[in-house]
Amino acid sequence: MTSRTSSRLLRSLKARLYGTSATATSDSSAQLTKQAPRVTKLDNGLTVASLENNSPISQIALVVNAGSRFESYSDAGVTHFLRNATTLSTLNWLDTSLVRAVEESGGNLGCTGTREYMIYSAEALRNQLFESQTAEILRDVALNPLYDAWQVENGTVQQQMVIDIANMIGNPEIRLMEMIHEAAYRDTLRSFIMLFQPDQLKGYHSKMFTNDRMALVGLGVDHDQLVEEGKAYVQGPNRGGSTVTTQKAVYHGDNLRLPSDEPMTHVAVVTEGPSLTSKDLYAVGVLQMIMGTGSHMKYSENTTVNRLELYTYTTLMFISQLLCPYEYIVIKKEFEKKAPRGGENKWDIPREEFSMDQIIGAGNFGKVYKGKMNGKVIAIKISKGEHLSTKEFLAEAEIMKKCQHENLVELLGICTDQKQVFIISEFMSNGSLLDYMKTKKSLQLDAMIGIAAQIANGMAFLESKRIVHRDLAARNVLIGKDKIAKVADFGLARLLPSDQNVYTSRVLDFKSTAPDFNSPVLDFRSPALDF
């Protein structure tokens, strides 16, 4: 749980703490002594661990060995609800007062769920973590939830869970990861994080949240103070010794397929990895780096794909052709190539190869027609024929050549046989997102989230290619069948030079600019301030 106010406060504090100052002529600053981690086992069964890093922000986390792998088929998905129930009322706090107390301290409170653990975390300023009751709230949220029926069935938790499930449905990579664990581990690590049955909450919590299955971890906190906090985790009727036995996760291996109408095929070839305690862990980590998991820094020199990754991609392509004999299979988006022709003139299309039908749109540069080419329905954008318009038109086509992506409108070719220039692209049957939203007034939440995710996916690809779109709007997003969304209209797009990370434009909308906007002096009487 993070409020906008607290997030802004922390960002402001961090900005001040990291402010620049004049560099000293000699290094006279005191060096803080590096401290080793400290671990204490309490009499109540709780493990307390801390590391002092002298940070102005203190963080604590309650790690519970109660992840989704411990769910049974009767309560599958209960940890999904627990992860989203951080702000529900507890034994000692109402939900509204709980949220307000954390916000007033400028802190953050949240929960993360994995297949192994539930992790309740809190952070605040060093002098506020314990004084502002943030640590007490963390303890009460994790150990003393009420799970009132009206909150469980009708509260905001259910809404967030619906959004989570919609995100999973609309994200093939998440679904693929779930299927990997289902095929590889079956009855242990295979448990789905996104499914839920909230009626089993209290039973699961009582069974799993025992002191011997929990650890209280602190970063930037005094260890003795954290130990005192840990002693408050007293042995209660629901927190005695655990009777749960952990079933060993045995790797089985299998193949699993999910039929889908999506234009992309996602394939994963996996093998069993080492555990955290294995002596092979570091060797596998080095192997992972060699196989292509390098730096992901934007615009760095290490963004190119190495040779071993190319070989790996070729091998995966061969395997995927055996497993999924579809006409077009893409394993890695960066390798996607869909040019219509070969040779130097692969984008040139003779005028006689396509025909035009009715007008389906118009813009600043010209009109857009619906047409056909080789029996396929296409969209044809025609320039007005003016010199400046033609030049900008061709610049748009050059940008589109670099935009071969599943969520960007695909360029099929260019025709310059006549005075006019024709940009030929794929046809999206449902038109613009603006018109689509007007006609589909009952569009479900999961569909809207899926469309938004696809738009973000396309824009992220443009960013990776250093392309600034500059005109993203609902009218410039096209919708195809099965709610496939693609960003279109690259007339204002610009390619950033390699030595620049910012694009600046001086074009202003003078319809909304005051007459004295360019005046060197503006005061409270200036009409410009009314705008």
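The values are calculated or read from the model by the stated rules, or taken from the named source; none is laboratory data. Since we're looking at a predicted model, the values are computed, not measured. Cβ atoms come from the backbone with ideal geometry, glycine included; neighbour counts cover every protein chain shown.
Scanning region 14-35 turns up no residue that is surrounded by fewer than 12 Cβ atoms within 10 Å (Cβ to Cβ), acidic (Asp, Glu), farther than 22 Å from residue 109 by Cα and at pLDDT 85 or above. Checked against the criterion of being modelled with pLDDT of 85 or more, touching a Lys or Arg at 6+ places or on another chain (Cβ under 9 Å) and not polar (S, T, N, Q), region 442-451 has at least one qualifying residue.
Do we have residue 39 as under 24 Å from residue 248 (Cβ atoms) and either more than 34 Å from the chain's Cα centre (by Cα) or not polar (S, T, N, Q) (or both) here?
No, not satisfied.
Select from region 439-470 the residues that are among the β-branched types (Val, Ile, Thr) and part of a helix (DSSP H, G or I) and write down the one among them that is surrounded by the fewest Cβ atoms within 10 Å (Cβ to Cβ).
Here is the first cut: in region 439-470, the ones among the β-branched types (Val, Ile, Thr) are 439, 449, 451, 455, 467-468.
After this cut, where a residue has to be part of a helix (DSSP H, G or I) as well, the list is 439, 449, 451, 455.
On the way: 439: 9, 449: 18, 451: 21, 455: 18.
Checked region 439-470; the qualifying residue surrounded by the fewest Cβ atoms within 10 Å (Cβ to Cβ) is 439.
Being more than 17 Å from the chain's Cα centre (by Cα) and modelled with pLDDT of 65 or more: is that true of residue 201 here?
Details: more than 17 Å from the chain's Cα centre (by Cα): yes; modelled with pLDDT of 65 or more: yes.
Yes.
Close Cβ contacts (under 7 Å, 6 or more residues apart or on different chains) running from residues in region 122-135 that are under 15 Å from residue 217 (Cβ atoms) and touching a residue at least 40 places away in the same chain (Cβ under 8 Å) to residues that are assigned to a loop (DSSP other than H, G, I, E, B) and of a type in the set (A, V, I, L, M) comprise 129/221; 135/129.
Quick check on my filter: what residues within region 136-161 are part of a helix (DSSP H, G or I) and either closer than 18 Å to residue 46 by Cβ or at pLDDT 85 or above (or both)? Reasoning before the result, please.
Of all residues in region 136-161, those part of a helix (DSSP H, G or I) come to 136-143, 149-154, 156-161.
The answer is 136, 137, 138, 139, 140, 141, 142, 143.
Given the condition at negative phi, over 25 Å from the mean Cα position of the chain (by Cα), at pLDDT 85 or above and part of a loop (DSSP other than H, G, I, E, B), answer yes or no: does some residue in region 408-427 qualify? Among the residues of region 408-427, at least one is at negative phi, over 25 Å from the mean Cα position of the chain (by Cα), at pLDDT 85 or above and part of a loop (DSSP other than H, G, I, E, B), which makes the answer yes.
If the condition is being touching a residue at least 60 places away in the same chain (Cβ under 8 Å) and touching a strand residue (DSSP E or B) at 6+ places or on another chain (Cβ under 7 Å), then region 84-104 contributes 85, 86, 88, 102. When 498, 519 are checked against the criterion of being at pLDDT 60 or above and among the hydroxyl-bearing types (Ser, Thr, Tyr), 498 stands alone in meeting it.
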